[in-house]
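The values are calculated or read from the model by the stated rules, or taken from the named source; none is laboratory data. Predicted model, so just to flag it, every value in this text is computed and none were measured. Methodologically, a virtual Cβ is constructed for each residue, glycine included, from the backbone with ideal geometry; neighbour enumeration extends over all protein chains shown.
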Amino acid sequence: MRWSVFLLTIMIGQGAETMQIRTEHARDIDPLMVGYNGNLVHIRKVWENATFTAIAKEACPGTIRYPGGTVANYWNWEIGWLEPTINPRWIIRWVKPLLKRRNRYPLENLAHGVQKVGFTPVFVLNMLDTPHDRPGAKLEQARAALRKAKALGIPIRYVELGNEYYFNIFLPKRNFPTPEDYGRACSRWIEVLRQDHPQARFAIVGGGPMNNPRNQDWTRRALSTAHGHHAVTFHMYFDSGLFGGREIADEAGEEGSVELNQDIAAMSERER
């Protein structure tokens with residue numbers, strides 16, 4: 001894939017400065033370096049939407065996360081949607097309205113996207129047993145889901161072990177009281193899942209904010225008990241725009257809270 005450099009010049013006030021950039025020594029970039037979070041739950045069976053699929057193909061995504069970021073923490077793999085019986089009090093605020101929607105994003109639909117667009121999925125697993133689950137239920141469900149994905153022809157190459165478990169909210173705290181507990185759980189999950197997918201690469205959740213004893217020095221503590229992983233994920237949130245100094249509110253799960261643009265919202269309405 002050949003990439004070009006584009007220069008966006010913003011002129012503020014009276015002055016403007018002209019810049020010239022020459023790219024005489026271009027080189028190819030691994031397509032897998034360019035990926036998207038893939039929080040596509042706002043469109044029912046998104047990869048059956050011809051307009052969206054065409055736009056996605058033009059974007060040339062190397063990887064797309066499935067099912068997304070924060071939504072993965074409450075995902076039911078069998079139905080391709082949030083766990084319908086989960087208590088709304090257990091989940092982060094911005095996800096709650098999704099519980100009432102009838103959208104679905106099952107593995108069969110993901111397979112369509114892989115075939116039509118050509119991206120490699122990054123599976124984000126749900127490691128959070130609820131009080132209603134028997135111990136180990138989520139590991140069994142994840143194993144079954146990855147086996148099904150493989151049977152559908154979806155490559156099992158990259159796997160993330162959860163999303164932002166360092167936030168001090170109910171289910172992450174209940175399952176992993178400390179980063180060390182999370183690291184030990186990752187070791188168990190990797191050992192089991194690698195039996196089915198020996199070529200898969202596993203990533204554990206790296207540190208986020210350090211605003212309470214549980215998430216202090218999260219990365220080092222989790223790594224002290226985790227074994228068999230290949231990477232660590234870090235989510236860096238930055239303000240944007242001319243007023244970038246303003247603090248992002250409700251940071252937990254912020255990567256999925258941005259409203260869709262009007263075109264995508266219109267497509268969603270037509271799909272209902």
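Brief remarks follow.
- The conditions of being at pLDDT 95 or above, assigned to a loop (DSSP other than H, G, I, E, B) and not hydrophobic (A, V, I, L, M, F, W, C) are met by Pro155.
- Counting residues in the range 67-78 that are touching a residue at least 12 places away in the same chain (Cβ under 8 Å), under 27 Å from Phe202 (Cα atoms) and more than 20 Å from the chain's Cα centre (by Cα) gives zero.
- Condition check for Phe119: under 24 Å from Asp181 (Cα atoms) and touching a strand residue (DSSP E or B) at 6+ places or on another chain (Cβ under 6 Å): no
- Any hit, the range 197-208, residues being at pLDDT below 95, touching a Ser or Thr at 6+ places or on another chain (Cβ under 7 Å) and in a helix (DSSP H, G or I): no
- Among the residues of the range 165-186, those identified as in contact with a helix residue (DSSP H, G or I) (Cβ under 7 Å, 6 or more places away or on another chain) and crowded, with 21+ Cβ neighbours inside 10 Å are Tyr165, Tyr166, Leu171, Phe176, Pro179, Tyr182, Gly183.
- Being in contact with a Gly (Cβ under 8 Å, 6 or more places away or on another chain), under 18 Å from Val124 (Cβ atoms), modelled with pLDDT under 90 and not in a loop (DSSP other than H, G, I, E, B) is a description that does not apply to Trp47.
- Selected residue (only one of Glu108, Glu160, Glu140, Glu164 is touching an Asp or Glu at 6+ places or on another chain (Cβ under 9 Å) and among the acidic types (Asp, Glu)): Glu164
- Residue among Asp217, Asp129 that is closer than 24 Å to Thr85 by Cα and either in contact with a strand residue (DSSP E or B) (Cβ under 9 Å, 6 or more places away or on another chain) or in contact (Cβ under 8 Å) with a residue 24 or more places away in the chain (or both): Asp129
- Contact map, the range 33-48: first residue without any contact (Cβ under 8 Å) to a residue 24 or more places away in the chain and farther than 13 Å from Tyr105 by Cβ, second residue surrounded by fewer than 20 Cβ atoms within 10 Å (Cβ to Cβ) and among the basic types (Lys, Arg), Cβ cut-off under 8 Å, separation 6 or more or different chains; the map is empty.
- Considering residues of the range 201-218 that are surrounded by fewer than 18 Cβ atoms within 10 Å (Cβ to Cβ) and within 19 Å of the chain's Cα centre (by Cα) only, the residue nearest to Lys150 (Cα to Cα): Arg201
- Check on Leu110, in contact with a Phe, Trp or Tyr (Cβ under 9 Å, 6 or more places away or on another chain), among the aliphatic types (A, V, I, L, M), surrounded by 13 or more Cβ atoms within 10 Å (Cβ to Cβ) and in a helix (DSSP H, G or I): yes
- Number of the exception - Ile29 against (1) more than 21 Å from Phe123 (Cβ to Cβ); (2) outside any loop (DSSP other than H, G, I, E, B): (2)
- Once the range 84-107 is narrowed to residues that are touching a residue at least 60 places away in the same chain (Cβ under 8 Å) and among the aliphatic types (A, V, I, L, M), the residue that is surrounded by the fewest Cβ atoms within 10 Å (Cβ to Cβ) is Val95.
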